[in-house]
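Have a look at the structure below before the remarks.
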Amino acid sequence: MMRRVLVFLAVAGLAWALLPLALGAGVPEAPGALATAYLTDAPEDFGAANVVTAIVVSYRGFDTLGEVAVLFAATAGVGALLTRKRLGLGDAEPEAKPAATEILVTATGLLTGLLVMFGVYIFLHGHLTPGGGFQGGVVIATALLLGLLARPESKLSHGILAAVESLSGAAYVGMGLLGAFLAWGFLDPRALPLGRIGSLVSAGSIPVIYSLIGLKVGAELSGILDALKGDRE
Amino acid sequence: MSILEFVSRINPVAASGAVLVLVGVWGVLARPNLFKIAIATSVMETGVNLVILSTGYIRGRTAPILDSAVAGTATDAAGAAARMTDPVPQALVLTAIVIGLAVTALQLSYAVRLRAAGGGSSIESYGDEKW
């Protein structure tokens, strides 16, 4: 009883705290000074049409590097927690999983290539359209999820996943250092020519970095999905 | 203040986000099942993301992407800035979504491990951990 009252009080208190926000208290009439500076400077400084991408990859690029590190740590944690040994399955024969339906198998064959292509499209155009490395990486991981569902016995090649992930992570830091040596600072996209705003090859190193993030996120999420299957050695 | 006036002042995105936050908090505090707690955290994160996003939307403006839709010609950067919404909350939420996914995956893995070790999936079976 006491617990219920406390839970009710906590929820009611939080509702009271959120009420002004729900009534639009936080909504400004115009963006603040920082946001206005980003909106005017991003296209001029970096040639990036998508301001959100410019913030994520260059203005707050260090945060994104940390975010990718957090995702890596979580992937490693999930992989370490969900091994066959730790789940108590030991050397027991893996139980036969029910085969996938023909519809799923056929659709997987048709869709896998399209999904990977779509994911690559999303992260290559991150500086021009809504999208980017994280979104594209998730789409690529769905292609691998379809594959895992259609062939439950199949195993992802951990060597390839680890190679893609570590190479793209190292190249991400390498692009950042390139910015430090050739331009004004770590992760500065002006290390590469800016090009004409709105074209595919523009915004300096932003599309390169976001593509690397896309590959890394795709490999990491595929690793998580594979680990969640629960039959890792 | 009449009810109609009150309803018209509600920001729909922030209000639905606030409801999701409350549902998530209730789920975390009141549900004993570890898997439901993990999902409730995820619901709460979605709510928080909606509330943050709602603070960046400015009525009558469009997405912060410089193209022909905001700048007749793609060179009029200053004029285009006056037609775009606040990009900072969107960038923050992009980060928050990814971190939220990582946290949810880790939470669920812990729940699976605890159950595989024979501890059950109810938080009540871990009374020893109580302070």
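By counting other Cβ atoms within 10 Å of each Cβ, how are A:H125, A:H158 ranked from fewest to most? Spell out each step's value before the answer.
Values: A:H125 19, A:H158 13.
Result, fewest neighbours first: A:H158, A:H125.
Helix-only mean residue ellipticity at 222 nm, the protein assembly as shown, DSSP H runs n ≥ 4 weighted -39,500 (n - 2.57), per residue, nearest 500. What is it?
Computed ellipticity for the protein assembly as shown at 222 nm equals -21000 deg cm²/dmol.
Cβ neighbours within 10 Å, averaged per peptide: list B:9-17, A:52-60 in order, most packed at the top.
On the way: B:9-17: 18.1, A:52-60: 26.7.
So the order, starting with the most tightly packed, is A:52-60, B:9-17.
Between A:E67, A:E165, A:E29, which gets the highest mean-square fluctuation from a Gaussian network model of chain A, Cα cutoff 10 Å?
Comparing A:E67, A:E165, A:E29 in a Gaussian network model of chain A, the most mobile one is A:E29.
On average, how many beta carbons from a partner chain sit within 10 Å of the beta carbon of a residue in A:219-229? Mind dumping the intermediate values first?
Values: counts 0, 3, 4, 0, 0, 6, 1, 0, 2, 4, 0.
Mean number of neighbouring Cβ atoms from other chains: 2.
Per residue of B:109-117, how many C-beta atoms from partner chains lie within 10 Å of its own C-beta, taken as a mean?
Numbers: counts 12, 4, 0, 7, 7, 1, 1, 7, 3.
What the average comes to for B:109-117 is 5.
Between the stretch A:12-71 and the stretch B:5-38, how far is it from one alpha carbon centroid to the other, in angstrom?
Using only Cα atoms to place each centre, the spacing works out to 23 Å.
Given a 10 angstrom Cα cut-off, can you work out which residue in A:G66, A:G223, A:G179 is the most mobile in a GNM of chain A?
Top of the fluctuation ranking is A:G66.
Which order do A:I206, B:I97 fall in if you start with the one that has the fewest other Cβ atoms within 10 Å?
Details: A:I206 29, B:I97 15.
Final ranking by Cβ density, sparse to dense: B:I97, A:I206.
Which part of the stretch A:111-146 falls in the paramagnetic zone of A:A73, meaning amide N under 15 Å from the point 7 Å along Cα-to-beta-carbon?
So the set is empty, nothing qualifies.
Run the simple label-point estimate for A:L19 and B:S121 please: 7 Å along Cα→C-beta, distance reported in nm.
In this crude spin-label approximation the distance works out to 3.8 nm.
Give the lysines reachable from A:K216 as a straight Cα distance under 26 Å; neighbours fewer than 8 places away on the same chain don't count.
Here the lysines satisfying the reach criterion relative to A:K216 are A:K155, A:K229.
How would B:W26, A:W184 line up from fewest to most surrounding beta-carbon atoms within 10 angstrom?
Numbers: B:W26 18, A:W184 10.
The fewest-first ordering by Cβ neighbours comes to A:W184, B:W26.
Read phi for every residue in the stretch B:33-47 and hand back ³J(HN,Hα) as whole Hz from Karplus 6.51 cos²θ - 1.76 cosθ + 1.60, θ = phi - 60°, with x for Gly and Pro.
With the stated coefficients, the stretch B:33-47 comes to 6, 4, 5, 5, 5, 4, 5, 5, 4, 5, 4, 4, 4, 4, x Hz.
Laboratory data are not the source of any read-out in this text; all were calculated from the coordinates shown. Just so it is clear, the structure is predicted and the values come from calculations on it, not from any experiment. Cβ coordinates were reconstructed from backbone atoms using ideal geometry, including for glycine residues, and neighbour counts include every protein chain displayed.
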